[in-house]
1. Pick out the one residue from GLY302, GLY277 that is buried (at least 21 other Cβ atoms within 10 Å of the Cβ) and over 26 Å from TYR215 (Cα atoms).
2. Identify, from the list ILE284, ILE247, the residue that is part of a helix (DSSP H, G or I), aliphatic (A, V, I, L, M) and in contact with a Phe, Trp or Tyr (Cβ under 9 Å, 6 or more places away or on another chain).
3. Counting just the residues of the stretch 183-208 that are crowded, with 20+ Cβ neighbours inside 10 Å and of a type in the set (Gly, Ala, Ser), which one comes out nearest to PRO35 (Cα to Cα)?
4. Please enumerate the residues belonging to the stretch 317-330 that are open to solvent by 60 Å² or more (accessible area, probe 1.4 Å) and in a loop (DSSP other than H, G, I, E, B).
5. With the structure loaded, tell me whether SER94 is among the small types (Gly, Ala, Ser), at pLDDT 95 or above and open to solvent by 30 Å² or more (accessible area, probe 1.4 Å) or whether it fails that test.
6. Name the pairs whose Cβ atoms lie under 6 Å apart, with the first residue in the stretch 122-136 and touching a residue at least 40 places away in the same chain (Cβ under 8 Å), the second surrounded by 14 or more Cβ atoms within 10 Å (Cβ to Cβ) and among the aliphatic types (A, V, I, L, M), and 6 or more positions between them or separate chains?
7. Consider PHE180 carefully, then state whether it is open to solvent by 40 Å² or more (accessible area, probe 1.4 Å) and either more than 15 Å from ALA248 (Cβ to Cβ) or in contact with a His (Cβ under 9 Å, 6 or more places away or on another chain) (or both).
8. For the subset of the stretch 287-299 comprising residues that are part of a strand (DSSP E or B) and closer than 11 Å to GLU246 by Cβ, which member is least open to solvent (accessible area, probe 1.4 Å)?
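The values are calculated or read from the model by the stated rules, or taken from the named source; none is laboratory data. Keep in mind the model is a prediction, meaning the values are calculated, not measured. When we count neighbours, we look across all protein chains shown, and the Cβ atoms used for this are built from the backbone with ideal geometry, even at glycine. Areas reflect the complete protein model, heavy atoms only, side chains present, ligands, DNA and RNA absent. Shrake-Rupley method; radii C 1.70, N 1.55, O 1.52, S 1.80 Å.
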Amino acid sequence: MHAPPSKNNKKTATTPKRSRKNTILIQKPLPPKPPARRANAAFVMLVRNSDGQGARSAIRQIEDRFNRNFQYPYVFLNDVPFTEEFKTLIRPMSKANMTFGLVPEEHWSYPEWISTTKAKEARKAMTDVVYGWSESYRHMCRYQSGFFFQHEAMLPFDYYWRIEPDVEYSCDLDFDPFLFMQDNNKKYAFTMSLPEYTETIPSLWNVTKDFMDKYPHLLAKNNALDFISDDGGKTYNMCHFWSNFEIADARWMRGEAYQQYFKHLDEAGGFFYERWGDAPVHSIAAALLLPINQIHFFKEIGYYHAPFYNCPAEPELQAKCHCDPDQNVNRERMSCTIKFLELAGEKGMAFPEEIFD
């Protein structure tokens, strides 16, 4: 019988020690503590059952960049019932509460004053325009313009953050945009502003001027008319906030001024006889019905919606991002954001060449 091996002779599988003189340790900050308070707010997504994977991607990024520390709830809306497959795909993406709502039929159909024959002819005449041929797109734009914030699943909330499938968020947020809106009395916020396609809204500004003439008491003092018009309101310069991202006060949109503006537009028929988008509608409403200091540009939120980016160049923000500031559409000639910042008297964006030259 052999004697047991000596402890001193026992072989071990430990890795030999190596010099660490060429190693640089980068200590990451500790994760933030759970927030002491939250706003009464939710994310909202109007989405089809077929967009489940794109919705998963967007939610995963929202969670990674912000909401895993805040746990704001999600509201998903669809003009047809959500499938179990869609809900099964989405539920694991967040620990936050999720509500799946059905759009009321009366909000996704033709109002009684609209001629479906005339609307069909309008679609035929706009086949060369982006979504000009689409009937469902028009219902979507009308719904996003006037109804989603009034859905029963949205009524409990004061603020909403609109997200869409397949968008990308590229910057960590260590602050709460909802609380920023609440604490600073902001009613509407954006990340990108661009000119609208002129051929989609040929009569929108004339209808808007008629509204201004009829309801001058609803227009805000110190509003942002000069953001959307270069000649004191005679014409529309097509500047609009890209509403696929927006954070807004839903109570403002449920209020008298916004509701009267939407009603005025809806009765004019342009959602169906032309192709009015919710982006110019929201933008014109914000510019006319809010003081400009209640509109905010979130430069900190790195955002991509094909084909455009918002990506901050400021070093302290870039440290939290993985986007290329050279691709920031807000610094392009076609963007309206610099114009907005000048009118609002806010600090402009930093550009990469100013930082690295």
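1. On the way: GLY277 fails: over 26 Å from TYR215 (Cα atoms).
Result: GLY302 is the single residue among GLY302, GLY277 that is buried (at least 21 other Cβ atoms within 10 Å of the Cβ) and over 26 Å from TYR215 (Cα atoms).
2. ILE284
3. In this case the residue turns out to be ALA189.
4. Hits for the stretch 317-330 are ALA319, LYS320, HIS322, ASP324.
5. Working: among the small types (Gly, Ala, Ser): yes; at pLDDT 95 or above: yes; open to solvent by 30 Å² or more (accessible area, probe 1.4 Å): no.
Against the criterion (among the small types (Gly, Ala, Ser), at pLDDT 95 or above and open to solvent by 30 Å² or more (accessible area, probe 1.4 Å)), SER94 does not qualify.
6. Qualifying pairs under 6 Å: GLY132/MET126.
7. Against the criterion (open to solvent by 40 Å² or more (accessible area, probe 1.4 Å) and either more than 15 Å from ALA248 (Cβ to Cβ) or in contact with a His (Cβ under 9 Å, 6 or more places away or on another chain) (or both)), PHE180 qualifies.
8. ILE295
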